[in-house]
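The values are calculated or read from the model by the stated rules, or taken from the named source; none is laboratory data. Treat the numbers as computed from the prediction; the structure is a model and nothing was measured. Reconstructed Cβ throughout: ideal geometry from the backbone, glycine too, with neighbour counts over all protein chains shown. Each accessible area value is taken on the protein alone, full model and side chains, heavy atoms only, with ligands, DNA and RNA left out. Shrake-Rupley method; radii C 1.70, N 1.55, O 1.52, S 1.80 Å.
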Amino acid sequence: MQIFGKYSTNFDMDYLVEQYIYFNESDEDEITIDELEVLLKNKRKSVAGTIILYNPETSPVGFKPSRFLKEDGFESYDKFVKLNEYPMSYVINAGLKKVYPCKLVEIKYLFSLNRENIEPTPILEELDADLDKFNSDQYTRYDKNLNYMDIPNIRLSGKFVFFGSGHKHDRHHKAIIAYVRALSAQVQKLDKTIVFMYDNNHDEQEALEIGYFLSPLALGKAKDVRAKGFKEAFKTIPPKVQKL
């Protein structure tokens, strides 16, 4: 597995605006940044599909996770760099490496802010407030173009879309909930195989309508169940919706 990403920054905040994972057949099969960019010129052949997650918690090779990489000497903004492996990438690699050898998978995020553990923090309040005024002329706390998806005009690579953004959207964050549901509705209009994991809390159609998508990565007792479910979803081509 090789992970590539492109960071952009604005007002001392880092956003991971592009990311791809390449599934190597062997250690000798590693590709360079130049070879990645050649592959991306023909996404129809090189990119198997797109996985949508919550937000990135990554770092470039040679750097530790940081709130602002520039302070640590990072200067390679707006161009592809190699990224360190991280817990979610291990789950994705285990599920897809045998199915899509020598292929890329695109990783997209609900929020591109590169920050660890944003869910239980005041950042969620700021994101919700941003989305509430997203389509107005008002200023937002986080960069409109770098942090948020342009849902009406979204373009996704590959033949499948796996929703793995999680489902812990507090009922008070109404703008975030609307954002997730709008994304689900828009993707359903595209010519893609839609894949996600769900459980007994909702049936398949309800999960799709309300944006109830389980993350492939979990802690505690759910860790192995989620990872196994993710593998099961991708045992076939095309992949399939998986009930846990």
Next on the checklist: Can you pull out every residue in the stretch 143-179 that is in a loop (DSSP other than H, G, I, E, B), in contact with a Ser or Thr (Cβ under 9 Å, 6 or more places away or on another chain) and open to solvent by less than 80 Å² (accessible area, probe 1.4 Å)?
Outcome noted: D143, M149, L156, S157, G158, G164, S165, H167
Checklist entry - If you scan the stretch 209-244, which residues turn out to be closer than 14 Å to Y90 by Cα and among the aromatic types (F, W, Y)? => result F230
Checklist entry - So, in the stretch 180-237, of the ones that are closer than 14 Å to F163 by Cα and polar (S, T, N, Q), which residue ends up surrounded by the fewest Cβ atoms within 10 Å (Cβ to Cβ)? => result Q205
Checklist entry - Going through the stretch 86-107 one residue at a time, which ones are in contact with an Asp or Glu (Cβ under 9 Å, 6 or more places away or on another chain) and either farther than 18 Å from L214 by Cβ or open to solvent by 40 Å² or more (accessible area, probe 1.4 Å) (or both)? => result Y86, P87, N93, K97, P101, C102, E106
Next on the checklist: Residue under question is G73, and the condition is that it be in contact with a helix residue (DSSP H, G or I) (Cβ under 7 Å, 6 or more places away or on another chain) and open to solvent by less than 50 Å² (accessible area, probe 1.4 Å); does it hold?
Outcome noted: no
Checklist entry - Failed condition for G220, given (1) on the phi < 0 side of the Ramachandran plot; (2) over 19 Å from the mean Cα position of the chain (by Cα), with all others met? => result (1)
Item to check | Number of positions in the stretch 12-54 that are over 19 Å from Y109 (Cβ atoms), in contact (Cβ under 8 Å) with a residue 60 or more places away in the chain and open to solvent by 20 Å² or more (accessible area, probe 1.4 Å) | outcome: 4
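Suppose we filter T121, T140 for residues that are in contact with an Asp or Glu (Cβ under 7 Å, 6 or more places away or on another chain) and either free of Cβ contacts under 8 Å to residues at least 60 places away in the same chain or among the β-branched types (V, I, T) (or both); which single one remains?
Just a single option satisfies the conditions, and that option is T140.
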Checklist entry - Only one of (1) modelled with pLDDT under 95; (2) within 18 Å of the chain's Cα centre (by Cα) is not met by F213, so which one is it? => result (1)
Item to check | Residue count, the stretch 26-82 (criterion: among the acidic types (D, E) and farther than 26 Å from P101 by Cα) | outcome: 4
